[in-house]
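What follows is a set of notes on a single structure, which appears directly below.
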Amino acid sequence: MEKPAILLGSEAVAHGVKLCRPQVISAYPITPQTHIIETLSEMVDSGELKSQYIKVESEMSAIAAVLGSVSAGSRSFTASSSQGLAMMHEILHWYAGARLPLVLVNANRALGGPWNIWSDQSDSFSQRDTGWLQIYCETSQEALDTIIMAYKASEQLMLPIMVMIDGFILSHTMERLMIPTPKMVDDFLPPYKAPYQLDPENPLTFGAGAHPDLFYELKKAYSETMTEALTLIDQCQAEFAQKFNRHYDVIMHCQEGDKDSDTAVICCGAMTGTARVASEMLNENGTSVDLFKLRLLRPFPKTALITALKNKKRVIVLNRACSYGVGGTLSQEIRTALYDLPEHPIVNDVMISLGGKEVFPETIVKIVNDREQLSATEPNWL
Amino acid sequence: MIKLKHIEAIRNGDFTGLPISNTSTAVNMTGSWKFFRPTLKPKKSPCLEACPLHILIADYMQEFAAGNHLNALEILRENNPLPAVTGRVCPHFCQSACNRTDFDEAVLIGDIERALGDLGLTQPYSMESQECQEKAAIIGSGPAGLAAAVFLARSGVKVTIFEQSEAPGGLLRYGIPAYRLPRRILEKEIKNIVESYSIDLRCNHKIKSTDLDNLRKEYDAVIAAPGLTQSSIPETWPETPTVKGALELLAAISRDEPIPGQDFVIIGGGNAALDTARSLKRLGKTVQIIYRRTIDEMPAYPDEIIEAQSEGLLLREETVIEEIIDNGRDLSLNLHRSRKNGDRIEAGDFIETITTDFLIAATGQESSGDFLNCNPELLKAGDFAHGAASVAEALASGRKAAETTLRKFGRLPDDSITDQETQNLPPITFAALHLNYYSKKPALKIPQLDEQTRSDNFSEIHLGLSLEQLEIEAERCFHCGSCTTCGICWFFCPDVAIAINRESDNAESQILFDYDHCKGCGQCAEVCPRGVIEMEEDL
């Protein structure tokens, strides 16, 4: 039976990782991620987690170390945040191109300058094009569960997965959650068996130079695997729901409005919790809205999004990351997906928070109530 | 159900989208990008530089630490014919120069040398070439004579040694007390040399000036290494039986002759003074050393001074004898505080008058065979050639005389002095080492007889450790400038362009650089713990 526990988000992540039995962990501390690897290092030290913990001098080395350990056939883990994730950038591309599985947890935090350590999704959104799968979590329970599902998907896809928690909002707050038993996880997640691995007895060349045509073919296969990943993730989530009785979807309908509600609010990560309260307040006061959270950013679940939003006249996108000169990064993703609809809803691109700027339910209520004043073409700053 | 063809293929192990190849990357000749190439450049270690014999210490330490004691002995003997002797009596210039001193403590090279020397007592010396026609005569069987004999005989020369005393060894036998160099060790080592190289050793055979011409006719070369066997007695001292030279006294003690008298005053601050004083003390005599400068200025080896002091020897520093009164049966000495007058030392304030049975001069030594000096063509070696010096220097001098002789015979090319000697590069410094690869570890403690146990006998003071114990000590060696095939370069090379062949006998071919793939990044040179790899321009 699962056990209830009250844990910090970072500890919940560590427990999720521990249940997946990684053989190698390598990471470099950075606020607000540090608790995750501290907890893991204590687990390794006490012997409750049998794993090689590699201390490194930078995030670049951390990701490079697991690139090596996974190439050697092990299940591995790393975590980072903000500047640390940015420092990994070069290897993030290489890692994905090497077609190796991994789960990396990123605690979302702003990138300087100016100096700021608070919650902001610019760090992971700016890694959208590295080829990694990206999943954003609303709660610590969701993060713990997602890590278990992510290992399963990653190893079947031979693709790395980044799991996001909001820095401080999740990482540093306590939550009551359920910890699955090791047996439940072992039944769900078999040990990793690498199709190829570094082996002195059977030398192979990993990631050697590929001529243009071969390179193109490998990238095409990559892209096709990403498309297949949408189905695989659905399957993983369904299997997880069956075994653990907690249901996840790539895009989740968090609050249903009236039958004739024509406005949807969409966001991703921990802000969804605030938005749930806001939409309850709105519905109580006669403004009916539907609330959606996007869990999967890469591969982008276009079909699921279209299905969710097809009858809406207005979609209000709450952004925690900005692509300067265009607008909210999440808004762009949603606009692009909706282009395939014969009749496009209005997309209001709202820059609701950056660098930890506090989001209150009232902030969201006001945005929805004043929706007629929002620009449909330009980003809306508060 | 949607078909997931890639995921299926991954599951079935026939996915072609993984960037993995069973073709080698060797076809890509990345070596053409380089502007610098690494080369193996072994360098002199400071111990080798400091050693008069230029012993390949860093190399034999490697063999020794690996448990290959006989290989280590062979390397040691290449340059040192008497390791059991020098392991005991050499002041170990090598240890004073050891780079490890700046890290924790010097490696106990001397103790390892001694243990190897003892191991060698039962191991015959090896020959380098077949016997030849040339014959050489060596006058004197001290360290210089023995070294000359070994290096000549090793090249096939037939050697005869003429020794005026009843037994070989010269100063090693008659000058160095047995508590520093036990007689049985000396005898065994000399016997091993004589037997290994079939040396014709003729004791009780004094060479007189009249014999020289005949020797020249009979032998193709003559080397004179008679040593400085006579103490110089200051001219101002009275000629009386109660005034003696230190060397003569040491020789008498060595021959177990009875030593008359009870009170002894020894003048001097060198090893001869200390050896004589400590020997007399062991015979139950009352001894004091009078030295005109401070104890710190004494030319004797510092360890000897410390040991002598711990044995309770009375050392009177900054004292001179202003007047000697010969009482017939004994002597009265007027002692004064010494006073510096420029470079000279004079008598200052009167201290006291003491009476002694014997006054011993240990202020210098001279040759007892002055006739040999007159012959400018005579090839000389040892103290006789260069004045009183250490045993190691005498051995080096004997070896040099042997090399001169071999060159004369045409059996050694002119430039064949060992590479290390001709290599003018300075030895590798402490700063050039990569200390991250070494951990601090103090030197072993070498047991010795306590003062009580050794006070009335000539038992060897230093007890030594076993070969196995000393392996741990040898592991402390940095092997400065010497490749140990540790593999750090191999580990760091990002192009897999370094191969290590530990089986190779030739040090040069143990590290192989693949210049077709080396990009010249220089990491190997950067990480080498011992400064052996250098980058050279390669355009």
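The values are calculated or read from the model by the stated rules, or taken from the named source; none is laboratory data. Computed from a predicted model, the values in this text were never measured in an experiment. Methodologically, a virtual Cβ is constructed for each residue, glycine included, from the backbone with ideal geometry; neighbour enumeration extends over all protein chains shown.
Assessment of the stretch B:37-58 against the conditions (assigned to a loop (DSSP other than H, G, I, E, B), loosely packed, with under 12 Cβ neighbours inside 10 Å and under 51 Å from the mean Cα position of the chain (by Cα)) yields no matching residue.
Output the residues belonging to the stretch A:305-338 that are of a type in the set (Gly, Ala, Ser) and surrounded by 20 or more Cβ atoms within 10 Å (Cβ to Cβ). Spell out how you get there, then give the answer.
Pass one, the stretch A:305-338, residues of a type in the set (Gly, Ala, Ser): A:308, A:321, A:323, A:325, A:327-328, A:331, A:337.
Across the stretch A:305-338, the qualifying residues are A:Ala308, A:Ala321, A:Gly327, A:Gly328, A:Ser331.
Within the stretch B:185-200, identify whether any single residue is more than 22 Å from B:Thr86 (Cα to Cα) and surrounded by fewer than 22 Cβ atoms within 10 Å (Cβ to Cβ), and answer yes or no.
We begin by selecting, within the stretch B:185-200, every residue more than 22 Å from B:Thr86 (Cα to Cα); these are B:198, B:200.
From what's left, surrounded by fewer than 22 Cβ atoms within 10 Å (Cβ to Cβ): B:198, B:200.
Yes, that holds for at least one residue.
Only residues that are closer than 24 Å to B:Phe35 by Cβ, part of a loop (DSSP other than H, G, I, E, B), under 35 Å from the mean Cα position of the chain (by Cα) and of a type outside the set (Val, Ile, Thr) were counted in the stretch B:502-539, giving 2. Here's a check for you: in the stretch B:322-339, which residue that is out of contact with any Lys or Arg (no Cβ under 9 Å at 6 or more places or on another chain) and more than 15 Å from B:Thr236 (Cβ to Cβ) is surrounded by the most Cβ atoms within 10 Å (Cβ to Cβ)? Top of the filtered list is B:Asp330. Considering the conditions (1) crowded, with 20+ Cβ neighbours inside 10 Å; (2) without any contact (Cβ under 8 Å) to a residue 60 or more places away in the chain; (3) part of a loop (DSSP other than H, G, I, E, B), B:Gln130 is excluded by exactly one of them, (1).
Annotation: B:Ala499 fulfils all but one of (1) part of a helix (DSSP H, G or I); (2) among the hydrophobic types (A, V, I, L, M, F, W, C); (3) surrounded by fewer than 14 Cβ atoms within 10 Å (Cβ to Cβ); the unmet one is (1). Look at the stretch A:79-98: where a residue is within 14 Å of another protein chain (Cβ to nearest Cβ) and a partner is in a helix (DSSP H, G or I), sitting 6+ places away or on another chain with Cβ atoms under 6 Å, you get A:His93/A:Thr130; A:Tyr95/A:Leu67; A:Ala96/A:Thr130. Of everything listed in (1) of a type in the set (Gly, Ala, Ser); (2) more than 7 Å from chain A (Cβ to nearest Cβ); (3) not in a helix (DSSP H, G or I), the single unmet condition for B:Ala9 is (3). When you scan the stretch B:141-148, do you find a residue that is buried (at least 19 other Cβ atoms within 10 Å of the Cβ) and farther than 26 Å from B:Arg255 by Cβ, even just one? The answer is no; no qualifying residue exists.
Answer yes if at least one residue in the stretch B:120-127 is closer than 18 Å to B:His462 by Cβ and part of a helix (DSSP H, G or I), and no otherwise. Don't jump to the end; show me each part of the working.
Taking the stretch B:120-127 and keeping what is closer than 18 Å to B:His462 by Cβ, we get B:120-121.
Next cut, part of a helix (DSSP H, G or I) only: B:120.
Yes, there is a match, as at least one residue in the stretch B:120-127 is closer than 18 Å to B:His462 by Cβ and part of a helix (DSSP H, G or I).
Just one residue in the set B:Glu257, B:Glu248, B:Glu239, B:Glu163 is among the acidic types (Asp, Glu) and either in contact (Cβ under 8 Å) with a residue 60 or more places away in the chain or outside the structural domain of B:Leu274 (by TED's automatic domain parsing) (or both); that residue is B:Glu163. Taking B:Leu181, is it surrounded by 14 or more Cβ atoms within 10 Å (Cβ to Cβ), of a type outside the set (Gly, Ala, Ser) and assigned to a helix (DSSP H, G or I)? No: the conditions fail for B:Leu181.
Scanning the stretch B:239-270 for residues being touching a helix residue (DSSP H, G or I) at 6+ places or on another chain (Cβ under 6 Å) and assigned to a helix (DSSP H, G or I) gives a total of 6.
In the stretch B:15-36, the condition of being away from every other protein chain (no Cβ under 14 Å), of a type outside the set (Ser, Thr, Tyr) and crowded, with 23+ Cβ neighbours inside 10 Å is met by no residue. Every listed requirement among (1) buried (at least 24 other Cβ atoms within 10 Å of the Cβ); (2) more than 14 Å from every other protein chain (Cβ to nearest Cβ) is met by A:Pro160 save one, (2).
Residue under question is A:Ala107, and the condition is that it be surrounded by fewer than 18 Cβ atoms within 10 Å (Cβ to Cβ), assigned by TED's automatic domain parsing to the domain that holds A:Ala208, modelled with pLDDT of 95 or more and among the small types (Gly, Ala, Ser); does it hold? When the stated conditions are applied, A:Ala107 does not pass them.
Just wondering, is there one or more residues in the stretch B:95-106 that are of a type in the set (Asp, Glu) and not in a helix (DSSP H, G or I)? Step through it out loud before you land on a result.
Kept after step one, since they are of a type in the set (Asp, Glu), are these residues of the stretch B:95-106: B:102, B:104-105.
Still in the running and not in a helix (DSSP H, G or I): B:104-105.
For the stretch B:95-106, residues of a type in the set (Asp, Glu) and not in a helix (DSSP H, G or I): present.
Taking the criterion of being of a type in the set (Lys, Arg) and closer than 26 Å to A:Gly9 by Cα, would at least one residue in the stretch A:189-198 satisfy it? Don't jump to the end; show me each part of the working.
If we filter the stretch A:189-198 for residues that are of a type in the set (Lys, Arg), which is where we start, we get A:193.
Narrowing the set further to residues that are closer than 26 Å to A:Gly9 by Cα leaves none.
Taking every residue of the stretch A:189-198 in turn, none turns out to be of a type in the set (Lys, Arg) and closer than 26 Å to A:Gly9 by Cα.
Among residues that are farther than 24 Å from A:Gln237 by Cβ and either outside the structural domain of A:Asn108 (by TED's automatic domain parsing) or outside any loop (DSSP other than H, G, I, E, B) (or both), A:Glu372 is included. Only a single criterion out of (1) within 24 Å of B:Asn271 (Cβ to Cβ); (2) in contact with a strand residue (DSSP E or B) (Cβ under 8 Å, 6 or more places away or on another chain) is not satisfied by B:Asp349, namely (1).
Output the helices (runs of 4 or more DSSP H) that fall wholly within the stretch B:357-408 and possess 3 or more residues being buried (at least 19 other Cβ atoms within 10 Å of the Cβ), under 24 Å from the mean Cα position of the chain (by Cα) and at pLDDT below 95, or say none.
Values: elements: B:370-373, B:383-386, B:391-408.
The helices (runs of 4 or more DSSP H) meeting that bar are B:383-386, B:391-408.
Look at the stretch B:102-116: where a residue is more than 12 Å from B:Lys441 (Cα to Cα) and a partner is among the acidic types (Asp, Glu), sitting 6+ places away or on another chain with Cβ atoms under 8 Å, you get B:Leu108/B:Glu473; B:Asp111/B:Glu473; B:Ile112/B:Glu473. Of the residues making up the stretch B:59-73, those that are over 14 Å from B:Arg114 (Cα atoms) and either surrounded by fewer than 22 Cβ atoms within 10 Å (Cβ to Cβ) or under 11 Å from the mean Cα position of the chain (by Cα) (or both) are B:Glu63, B:Ala65, B:Ala66, B:Gly67, B:Asn68, B:Asn71. For the stretch A:172-213, filtering for residues that are more than 30 Å from A:Thr34 (Cβ to Cβ) and either among the polar types (S, T, N, Q) or at the interface with another protein chain (Cβ under 9 Å from one of its Cβ atoms) (or both) leaves 12. Any residue that is in a helix (DSSP H, G or I) and in contact with an Asp or Glu (Cβ under 9 Å, 6 or more places away or on another chain) - is there at least one of those in the stretch A:229-238? Yes, the conditions are met somewhere in the stretch A:229-238. A residue that is more than 30 Å from B:Gln95 (Cβ to Cβ) and either within 14 Å of chain A (Cβ to nearest Cβ) or not aromatic (Phe, Trp, Tyr) (or both) can be found somewhere in the stretch B:38-60. Apart from one condition, B:Ala26 fits all of (1) over 15 Å from the mean Cα position of the chain (by Cα); (2) not in a helix (DSSP H, G or I); (3) not hydroxyl-bearing (Ser, Thr, Tyr); the exception is (2).
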